[in-house]
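Asks: My questions all concern the structure below.
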2 protein chains.
Amino acid sequence: MDPILVEVTRGGRVESVHRGAVAVVDADGAVALAMGDIDAAVFPRSAVKALQALPLVESGAADSLGLTDAEIALACASHGGEPAHVATAEAMLGKAGQEASALECGAHWPSYDVAARALAASGATATALHNNCSGKHAGFICLACASGAEPAGYIQPDHPTMRRITAALAETTGTVLDERNRGTDGCSIPTYAIPLKALALAFARFGTGTGWHPDRAAAAVRIRAAVAEHPFMVAGTRRFDTEVMQAFGARAFTKTGAEGVYCVALPDLGLGIAVKCDDGAGRAAEVVTAALLQRYLGGGVPERWAHPVLRNWNGIEVGTLRATHLSGATR
Amino acid sequence: MDPILVEVTRGGRVESVHRGAVAVVDADGAVALAMGDIDAAVFPRSAVKALQALPLVESGAADSLGLTDAEIALACASHGGEPAHVATAEAMLGKAGQEASALECGAHWPSYDVAARALAASGATATALHNNCSGKHAGFICLACASGAEPAGYIQPDHPTMRRITAALAETTGTVLDERNRGTDGCSIPTYAIPLKALALAFARFGTGTGWHPDRAAAAVRIRAAVAEHPFMVAGTRRFDTEVMQAFGARAFTKTGAEGVYCVALPDLGLGIAVKCDDGAGRAAEVVTAALLQRYLGGGVPERWAHPVLRNWNGIEVGTLRATHLSGATR
């Protein structure tokens with residue numbers, strides 16, 4: 001039974017609670033903090049996009065196509081579909097000699113509601129470029145094209161490009177990834193259930209390169225620097241990852257995944273963090289991640305994320321979200 | 001510890017789970033089904049709008065202002081902000097001699113995303129009429145005006161109109177409602193923490209009138225008939241309450257509340273149901289409510305709600321939501 005990690009209050013009472021598990025692991029695999037079942041396998045969803053972007057960089061594909069740091073950051077993104085995200089994804093595809101029609105992620109309206117309404121007001125409609133995963137998919141297509149592969153079908157598990165991406169995920173997490181632990185993600189690529197502890201280890205090493213081939217370690221350095229330089233690209237306006245990395249710079253790499261997942265690298269401390277909220281609540285995963293950043297980095301999380309307040313439609317404070325147990329947990 | 005009520009699956013694995021409590025009670029207060037802690041007090045939020053609409057009807061205010069059944073249904077609504085909802089709320093205010101500026105619920109964009117984008121495309125912006133609670137608030141203003149009260153400040157706990165509404169809620173739930181169990185709702189009116197069992201009892205009696213003053217019992221009949229006739233008004237396009245009541249007509253009254261609450265009256269069976277998901281997940285409360293409707297009404301829930309399927313942006317089925325334990329629970 002995973003513990004309660006977050007309480008949602010209203011009028012001084014606890015209205016709702018979120019349970020979950022937290023693994024904090026160093027680059028040698030030693031567990032620094034465990035709450036709940038950290039051996040349970042969870043679908044990391046979009047939280048591992050940075051690991052899935054490693055082949056794009058370590059293969060030399062990013063350099064051969066002249067991808068910019070902003071474009072590399074977008075390859076790790078769950079973005080809001082804002083104009084800069086859309087333009088950057090389109091530019092990546094252009095460098096691969098492709099167009100938006102090559103994207104196999106499906107179309108959806110921008111997840112940032114202001115951007116969605118602006119798009120509607122312009123008389124345009126949603127395309128695959130607005131899909132929050134369009135940067136990751138553009139990166140996959142860049143990898144395929146730079147490798148001389150036909151990009152069509154790149155979302156399939158047995159496409160040569162997807163095999164390389166899955167191999168990187170298997171190697172960095174030390175996990176066997178096959179049809180037995182495979183599901184399909186929102187953007188149609190495979191997602192694999194991986195123990196929370198293994199995800200934390202992968203992100204510890206994403207921050208340190210420990211035990212990795214030098215090319216892969218160098219790719220991680222490049223990706224972390226790109227995201228630290230362009231945190232807007234990995235998420236967007238009013239988003240946790242963007243605002244937290246704007247505050248911490250290269251000291252923290254954070255990435256959300258659907259269904260209450262978070263993965264974090266703290267390079268200076270040599271730690272990796274993986275969070276899964278049992279109920280899939282993103283709001284809870286953000287609160288837990290903020291509390292862990294406060295704990296390990298000694299503060300600095302933007303107030304809006306460190307101490308979230310629930311306000312109603314008149315702007316009146318009606319409640320809070322607060323992390324429980326984390327401040328008192330054994331490191 | 002409340003049990004797991006809903007599992008969310010992906011690729012044949014359980015990806016997330018939702019815990020919660022369920023109370024099914026008859027009109028004499030006998031418990032027909034209990035799962036989890038049904039004595040715990042929960043904020044019912046919008047799930048009790050029909051109880052809060054009783055004074056509007058039982059006082060004669062609705063008739064004196066000539067409110068239609070569609071308008072009475074909207075007074076019980078958490079609507080999507082679609083054009084018909086907005087027009088109906090405005091018409092209610094007009095009958096009270098008021099305008100949209102009298103609404104104290106705050107403005108927000110239509111919760112139905114298609115309606116929000118259409119509004120943006122029209123060049124207009126969101127007003128309080130688009131607030132999902134605008135019908136309830138229009139009903140409160142109608143009650144105030146028909147009673148000769150000044151509507152301004154009607155959202156305050158000590159406003160004479162809100163006192164009447166709170167008294168109806170206290171009487172129907174048999175619960176003391178005061179500052180000790182009070183919070184503020186999203187639309188700025190008070191919400192009171194009430195035991196789940198008491199909410200279920202109130203809805204059993206909302207379906208039967210058992211033990212209620214004849215004027216109140218008649219008001220419940222009128223409200224139920226109005227909602228059964230106009231289920232679009234209580235929610236909107238692609239919404240659970242609308243589609244389920246379109247299917248069941250007067251055999252089921254269902255109403256969602258924020259943070260994973262559902263209240264249901266089954267008049268023919270003399271039962272009331274109250275559901276609270278611990279984590280506040282609306283998706284889980286819908287699945288649980290659908291399973292309970294299947295159980296007690298012998299099927300008939302629209303397939304999309306009875307067996308929800310998760311599809312990704314390419315329309316591929318990637319998982320399911322399924323109720324656990326409910327089919328095997330002791331009645």
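Asks: From the list B:Arg283, B:Arg295, exactly one residue is part of a helix (DSSP H, G or I) and either modelled with pLDDT under 95 or within 14 Å of chain A (Cβ to nearest Cβ) (or both). Which is it?
Replies: After ruling out the rest, the residue left standing is B:Arg283.
Asks: In segment B:119-162, how many are out of contact with any Leu (no Cβ under 9 Å at 6 or more places or on another chain), more than 14 Å from every other protein chain (Cβ to nearest Cβ) and surrounded by fewer than 20 Cβ atoms within 10 Å (Cβ to Cβ)?
Replies: Selection size over segment B:119-162: 6.
Asks: Determine which single condition B:Asp215 fails, assuming it passes every other condition in (1) within 18 Å of the chain's Cα centre (by Cα); (2) surrounded by fewer than 23 Cβ atoms within 10 Å (Cβ to Cβ).
Replies: (1)
Asks: Can you name the helices (runs of 4 or more DSSP H) wholly within segment B:130-239 that have at least 1 residues being free of Cβ contacts under 8 Å to residues at least 12 places away in the same chain and within 30 Å of B:Pro302 (Cα to Cα)?
Replies: By residue number, B:214-229.
Asks: Scan segment B:4-25 and report the pairs whose first residue is touching a residue at least 60 places away in the same chain (Cβ under 8 Å) and whose second residue is hydroxyl-bearing (Ser, Thr, Tyr) and open to solvent by 10 Å² or more (accessible area, probe 1.4 Å), with Cβ atoms within less than 6 Å and a gap of 6+ or a chain change.
Replies: Close Cβ pairs satisfying both conditions: B:Ile4/B:Thr324; B:Glu7/B:Thr324; B:Thr9/B:Thr320.
Asks: Here's something else I'd like to know. Restricting to segment A:257-280, name every residue that is more than 14 Å from chain B (Cβ to nearest Cβ) and more than 14 Å from the chain's Cα centre (by Cα).
Replies: Correct list: A:Leu266, A:Pro267, A:Asp268, A:Leu269, A:Gly270, A:Leu271.
Asks: Please count how many residues of segment A:96-115 are farther than 21 Å from A:Thr242 by Cα and assigned to a helix (DSSP H, G or I).
Replies: Counting residues in segment A:96-115 that are farther than 21 Å from A:Thr242 by Cα and assigned to a helix (DSSP H, G or I) gives 3.
Asks: Scan segment B:171-191 for residues that are polar (S, T, N, Q) and open to solvent by 20 Å² or more (accessible area, probe 1.4 Å) and jot them down.
Replies: Result: B:Thr175, B:Thr184.
Asks: Would you please name the residue that is nearest to the other protein chains (Cβ to nearest Cβ), looking only at residues in segment B:1-45 that are closer than 18 Å to B:Ala193 by Cα and open to solvent by 30 Å² or more (accessible area, probe 1.4 Å)?
Replies: B:Ala41
Asks: Sticking with this structure for a sec: So, of the residues in segment A:192-210 that are touching a Pro at 6+ places or on another chain (Cβ under 7 Å) and more than 19 Å from A:Asp37 (Cα to Cα), which turns out to be most open to solvent (accessible area, probe 1.4 Å)?
Replies: A:Thr208
Asks: Related question: Hey, can you tell me all the residues within segment B:304-328 that are touching a residue at least 60 places away in the same chain (Cβ under 8 Å) and at the interface with another protein chain (Cβ under 9 Å from one of its Cβ atoms)?
Replies: B:Leu310, B:Val318, B:Gly319
Asks: Taking segment B:64-79 as the region of interest, how many residues are surrounded by fewer than 24 Cβ atoms within 10 Å (Cβ to Cβ) and in contact with a Ser or Thr (Cβ under 9 Å, 6 or more places away or on another chain)?
Replies: 2
Asks: Right, here's the next one. Going residue by residue through segment A:83-102, is there one that turns out to be within 12 Å of another protein chain (Cβ to nearest Cβ) and open to solvent by less than 30 Å² (accessible area, probe 1.4 Å)?
Replies: no
Asks: If A:Thr242 passes every condition in (1) open to solvent by less than 20 Å² (accessible area, probe 1.4 Å); (2) free of Cβ contacts under 8 Å to residues at least 60 places away in the same chain; (3) within 14 Å of chain B (Cβ to nearest Cβ) but one, which one does it miss?
Replies: (3)
Asks: I'd like to check something: does segment A:104-118 contain any residue that is touching a residue at least 40 places away in the same chain (Cβ under 8 Å), more than 14 Å from every other protein chain (Cβ to nearest Cβ) and surrounded by 24 or more Cβ atoms within 10 Å (Cβ to Cβ)?
Replies: No, the conditions are met nowhere in segment A:104-118.
The values are calculated or read from the model by the stated rules, or taken from the named source; none is laboratory data. Note that the structure is a prediction, hence the values are computed from the model and not measured. Cβ: placed from backbone, ideal geometry, glycine included. Neighbour counts: every protein chain shown. For accessibility, only protein heavy atoms count, side chains too; no ligands or nucleic acids. Shrake-Rupley method; radii C 1.70, N 1.55, O 1.52, S 1.80 Å.
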